[in-house]
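Engineer: One structure follows; several queries about it will come next.
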Amino acid sequence: MGAGKTTVGKQLALRLGKTFCDVDQELEKRTGVSVNLIFEIEQEAGFRARERAMLAELLQRDNSIIATGGGVVVTQESRQLLQATDHTVVYLKTAVKHQLKRLKRDKQRPLLQGTGRRERLMKLAKERNPWYESVADLTFASGRNSAYGMAQKIADYLTKDT
């Protein structure tokens, strides 16, 4: 959450000549409602089931960059999809201090509503970081670089042998 997956993903797709897909945006397009509303009506379990199905569908596409939601790793099934894919899975590892700065005005993310954001983000990082690391082929620290700089770093790494 707040790592820059969508922004970096779009820039990376441009640099590599690939199409860009965002799991959350595709879900919203498909259902006609926001991720927040899906979360509200179907709770997290219902949302995660939809997310997993959308991820499986998007992973079938060739020549694409896919941005997942920050919580995609919470279900074992989604982690298995990411581990089994031929796509390169990139983890944008982000410190909580950077997340807080980037998400300061965010009112959209269901898991960030209310007070205690720092504590909630710390808890999520402790829980999710090992999962992110278990599915990632590459890890890049996201925080100091701009999204554009991060996309260039990743593109350079991915194309260094071509």
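Quick note: the coordinates plus some simple rules give every number you see, no bench work behind them. Computed from a prediction, not measured in an experiment: that's the story for all the values here. FYI the Cβ positions are ideal-geometry reconstructions off the backbone, even for glycines, and counts take in every protein chain you see.
Engineer: Please state the relative contact order of region 5-157 as a whole percent: Cα pairs under 8 Å, 6+ residues apart? It would help to have the intermediate numbers written out before the result.
Structural biologist: Values: 154 pairs, mean separation 48.8, N = 153.
So the answer I get is 32 percent.
Engineer: Quick one: Lys29, Lys93, Lys123, Lys5, fewest Cβ neighbours within 10 Å first, how do they rank? List each step's numbers first, then the result.
Structural biologist: Working: Lys29 10, Lys93 17, Lys123 13, Lys5 25.
Listed from fewest to most nearby Cβ atoms, that is Lys29, Lys123, Lys93, Lys5.
Engineer: Could you name the aspartates and glutamates in cross-link range of Lys29, using Cα to Cα under 20 Å and dropping any fewer than eight places away on the same chain?
Structural biologist: Within reach: Glu40, Glu42, Glu44, Glu51, Glu57.
Engineer: Next up: Would you list Asp137, Asp86 from fewest to most Cβ contacts within 10 Å? If you can, show how the numbers build up before the last one.
Structural biologist: Values: Asp137 12, Asp86 6.
Least crowded to most crowded, the residues run Asp86, Asp137.
Engineer: List the lysines whose Cα lies under 28 Å from the Cα of Lys97, skipping any in the same chain that are fewer than 8 positions away.
Structural biologist: Excluding near neighbours in sequence, the set is Lys5, Lys10, Lys107, Lys123, Lys126, Lys153.
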